[in-house]
Amino acid sequence: MMKSSLSWLENMQFQCDTRGLITKMDATEEHGGQNTAPSPKELVLNAMMGCTAMDVVSILKKMRQEITEFKMDIEAEKTTEHPMHFKMAELIFMLKGNIEPEKAIKAVDSSLTRYCGVNYMISKTCIITFKVILNDSVIKQGPVNFIEPKQGT
């Protein structure tokens, strides 16, 4: 089981404590905040990137690929009706190094079809697409299609 605690600081600022690690969040000025930290939805975007990035780096290291740089961007579009949620998101993987293109594709595909639980959860309400850029060339792009886990797992 995972656990975290939240405390209100002031205005629209909150602080989460997870295993003693502190994360702050705030609303934008237009929503009564002061822009001092990411909003909850922005933290979800960060979680989407972080979850799959950890998978991809781990898989590439197991494949003995030489990563010299790894970056990601995410762009998402929200609905206009309440509850506002992401209706579309694109994950952009930017890798550099001595990495075989097939292995980069396999690492991303493995994460986005089987391993990344955060993107799996978000994919239930949001269309997720991705793009893999290796050494400044797009090598794959398309929709994210998770393999549904077997019942009881």
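Some observations on this one:
- Exclusive hit being surrounded by fewer than 18 Cβ atoms within 10 Å (Cβ to Cβ) and in the same structural domain as residue 85 (by TED's automatic domain parsing), set 127, 122: 127
- Residue pairs meeting the criteria (Cβ under 9 Å; at least 6 apart or on separate chains; first closer than 14 Å to residue 108 by Cα, in the range 118-136; second part of a strand (DSSP E or B) and aromatic (Phe, Trp, Tyr)): 128/86; 130/93; 131/93; 132/93; 133/93; 134/93
- Inside the range 70-102, residues that are closer than 18 Å to residue 59 by Cα and exposed (fewer than 15 other Cβ atoms within 10 Å of the Cβ) make up a count of 6.
- Candidates 67, 74, 92 - the one that is in contact with a Gly (Cβ under 6 Å, 6 or more places away or on another chain) and among the β-branched types (Val, Ile, Thr): 67
- Restricting 112, 45 to residues that are under 30 Å from residue 9 (Cβ atoms) and part of a helix (DSSP H, G or I) narrows the list to 45.
- Residue 53 being among the small types (Gly, Ala, Ser), part of a strand (DSSP E or B), touching a strand residue (DSSP E or B) at 6+ places or on another chain (Cβ under 8 Å) and crowded, with 17+ Cβ neighbours inside 10 Å: no
- Residues in the range 62-115 that are hydroxyl-bearing (Ser, Thr, Tyr) and farther than 17 Å from residue 50 by Cα: 68, 79, 80.
The values are calculated or read from the model by the stated rules, or taken from the named source; none is laboratory data. As the structure is a computational prediction, the values presented were derived from the model and not from experiment. All Cβ positions, even for glycine, are placed from backbone atoms using ideal geometry, and neighbour counts span all protein chains on display.
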